[in-house]
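Visitor: Would you mind keeping the following structure in view while I ask a few things?
The values are calculated or read from the model by the stated rules, or taken from the named source; none is laboratory data. Bear in mind the structure is a predicted one, so any value in this text is a computation, not a measurement. Ideal geometry is used to build each Cβ from the backbone, glycine not excepted, and the neighbour counts take in all protein chains shown.
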Amino acid sequence: MFRLFACSLCALFCLSCSKSPIVIHAEPQPVSVYVDGKKVGETPCTIDAEFWKEYIIVELKKEGYVSQRNFILRKLLDGSGGIFNIGWPRDAKFRLMDQEELDRRRRWRTMK
């Protein structure tokens, strides 16, 4: 019984220290990807998410388009962030808008 408990505890500790890759996609390509204010590459790119974090802030920038700041949340089974953690998504997809499209969408929302 003690061995089972020790092995389970070891496995849980190893999982908590591991990193999960997340592939970032964005349209139109290429888009510069920033995580925690540091440029990590251009789309499509892979970022490593630490298992213990609850979210990652990803900023997307491209000249001529409106910059976006997005949260990538860790998937949870029960919402507690505890032992029922499922992990990170495998990929994240975003779409940047130019200023004209953003203005058009804002005008459309106010018409309702």
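Visitor: Where residues in the range 71-101 are over 14 Å from residue 22 (Cα atoms) and modelled with pLDDT of 80 or more, which of them is nearest to the chain's Cα centre (by Cα)?
Guide: 95
Visitor: Further question: List every residue pair whose Cβ atoms lie under 6 Å apart, where the two residues are 6 or more positions apart in sequence or sit on different chains, the first residue falls within the range 93-106 and is in a loop (DSSP other than H, G, I, E, B), and the second residue, located anywhere, is of a type in the set (Phe, Trp, Tyr).
Guide: 96/65; 98/65
Visitor: Can you list residue pairs whose Cβ atoms sit under 9 Å apart, with the first residue in the range 20-37 being surrounded by fewer than 14 Cβ atoms within 10 Å (Cβ to Cβ) and at pLDDT below 90 and the second being β-branched (Val, Ile, Thr) and not in a loop (DSSP other than H, G, I, E, B)? Count only pairs 6 or more apart in sequence or on different chains.
Guide: Within 9 Å, the pairs are 21/46; 21/47; 36/56; 36/57; 37/57.
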